Amino acid sequence: MVQSLETLTETPSQTAGPYVHIGCIPSFAGLPGVYPEDLGLSPIAEGAKGQIITITGAVIDGTGWALRDAMMESWQPDAAGLFAGQAGADPAVSGFCRFAADKDSGLFTLRTVKPGAVRHRSGAMQAPHISLWIVARGINIGLSTRIYFEDEDNSADPLLARIEQRPRVETLIAKRTGEGQYRFDIRLQGEGETVFLDI
Amino acid sequence: MSETTDQGPLIPRQRHLHPVPYDPEYKTSVPRSPKWPLLSMESTPSEETGPRFGHSLLGPLDNNLILNFSKDGSPAIGERILMHGRVLDENARPVPHTLVEIWQANAGGRYRHVKDNYLAPLDPNFGGCGRTITDAEGRYQFLTIRPGAYPWPNRANDWRPMHIHISVFGHSFGQRLITQMYFEGDPLIDRCPIAATIKARSQLDRLVAPLDMSRARPLDFLAYKFDIVLRGRRQTMFENKLEGM
């Protein structure tokens, strides 16, 4: 026998299920009035500094079907690369957003500021990105990924550099479709499967 | 610097303690589970920071599902229960001031959701969602009704055990967790393909809340205890200075 460790292990995940909207975004789910407004309605308030951008996309399953029930959360720094709560961070950027696929089309939209670059522990700069967490029925543990941007210099990003199969890097890069407009689809499985993170 | 801090990287997830992403018995997981391995990497500020929510967010009935959807103060129908517990991290320390959200079916096993058309009736006084923020010791509690079991389309005759969905933030986006609480003694747990996505029985048992008569209130409600452990951060003694490491 050896001494016992005084550590615990994480509680196991379970799927968020088809009714995750009731718990997380009840007004969206048709239960207005329980809370004044849904949590994380917008990651920015009026006056946020930086470029306002809109990212549109869908979460697509292995058959090519866009999920109508996915819920996502995003987390990002402000335009200067500072996270809410850090000294000097833009008070108009909470950085957190909750949004869901449209129940008819499956499309989601995230309106935010373009994030700044953030330094990695190693000292290297990470290219601007938004962290994304996806839950839905059939997803047994939330999926993490990142949204990078086609019109930024992603060449030295330490995470993207770790992807061995270089064509897969493209799955993390939002494509510019217009001024301040981007497209970012998440493919859960099959051709073009998104790189998901264990981080 | 001799003091330890918990500002190191997040402790890596032990994926084998979690449900398998792909499980043919849970049919919806088949087209929705990634096939390729996840990209593993040490956490960065993007995962180590996270949103914080203050107590000012909360309304007085947010953690009382018996009353928070009632229009005239009439209580929701069902067995009254207190759900309580602590949020801890892997270093066995409390996670204070973190948001905990729950959602559930009503006493008949019906969700107040446009996609749920089960035969059981809606309760006009029950919405099915609540939220609270842990106190300085990581404690939380909800007053609610025990949700009913319900059938769901999967195999020909699958039923969900009674359960409450729980969402917890922690202080880092990389700690984000959604899970489900089951109830001690429910025979449907062993028949549920969603519960069975967790392959180690000892891990599934961690999601089964025991009856806790020490917190039950006579002539009012029963109590169930549900503790939640989030990922921790590596305690560091040598890493406070990043340069040169």
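So here's what we get for this one:
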quantity	calculated
Rg/Rh ratio calculated on Cα atoms of segment B:126-245 (Kirkwood radius)	1.07
Kirkwood Rh in Å, taken over all unlike Cα pairs in segment A:20-187	16.8 Å
Residue-span extension gain [B:Lys115 to B:Asp205] - 0.36 nm each, minus C-alpha spacing	29.4 nm
In sequence order, calculated HN-Hα J values of segment A:36-44 (Karplus, 6.51, -1.76, 1.60; Hz; x Gly/Pro)	x, 7, 5, 5, x, 4, 8, x, 9
Shielding by other protein chains, A:131-140, mean Cβ within 10 Å	6
Straight-distance crosslink candidates among aspartates and glutamates, where the alpha carbon sits under 19 Å from B:Lys71 and sequence neighbours closer than 8 are dropped	A:Glu37, B:Asp62, B:Asp123
Distance between segment A:151-199 and segment B:6-69 - C-alpha centres, whole angstrom	21 Å
Relative contact order (%) - segment A:4-112, alpha-carbon pairs under 8 angstrom, separation at least six	30 percent
Order of B:His113, A:His129 - criterion: other Cβ atoms within 10 Å of each residue's Cβ, fewest first	B:His113, A:His129
Rel. contact order, % - alpha carbon contacts under 8 angstrom, at least six apart, segment A:20-187	24 percent
Label point 7 Å beyond Cα of B:Leu58 along Cβ direction - residues of segment B:82-109 with amide nitrogen under 19 Å	B:82-89, B:94-104
Between segment B:152-231 and segment B:77-128, the alpha-carbon center distance in angstrom	11 Å
Fewest-first ranking of B:Leu119, B:Leu57, A:Leu67, using other Cβ atoms within 10 Å as the exposure measure	B:Leu119, B:Leu57, A:Leu67
Chymotrypsin sites (Phe, Trp or Tyr not before Pro) lying in DSSP loop within segment A:1-105, provided at most 14 other Cβ fall within 10 Å	A:Trp65
Sites excluded, GluC sites (Glu not before Pro) in DSSP loops with at most 15 other C-beta within 10 Å, longest stretch of chain A	A:47-149
Set A:Lys103/A:Lys175; B:Lys199/B:Lys225; A:Lys114/B:Lys35; B:Lys27/B:Lys225; A:Lys103/B:Lys225 screened for pairs whose C-alpha atoms are more than 28 Å apart	A:Lys114/B:Lys35; B:Lys27/B:Lys225; A:Lys103/B:Lys225
Global form of segment B:1-105, assessed from the alpha-carbon gyration tensor, a/c cut-off 1.5	oblate
Rg/Rh (Cα only; Kirkwood hydrodynamic radius) as it applies to the protein assembly as shown	0.95
Distance (nanometres) between label positions extended 7 Å along Cα→Cβ at B:His97 and A:Gln165	4.4 nm
Inverse mean reciprocal Cα-Cα distance (Kirkwood Rh) of chain B, Å	19.8 Å
For residues of B:20-30, the mean tally of beta carbons on other chains within 10 Å	4
Under 20 Å from the Cα of A:Lys49 - aspartates and glutamates, other chains or at least 8 residues apart	A:Asp78, A:Asp90, A:Asp151, A:Glu152, A:Glu179
Inter-chain Cβ neighbour average for residues B:215-227, partner chain, 10 Å	0
Between segment A:85-123 and segment A:26-81, the Cα center-to-center distance that results, in Å	9 Å
Residue order, fewest to most surrounding Cβ atoms within 10 angstrom, among A:Cys97, B:Cys129	A:Cys97, B:Cys129
Cleavage-rule hits (chymotrypsin sites (Phe, Trp or Tyr not before Pro)) in segment B:81-172: DSSP loop, at most 11 neighbouring Cβ within 10 angstrom	none
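Every number here is computed from the coordinates shown, using simple stated rules; none is lab data. Bear in mind that the values here come from a model prediction, so they are computed numbers and not experimental data. Positions of Cβ are backbone-derived with ideal geometry, glycine not excepted, and every protein chain shown enters the neighbour counts.
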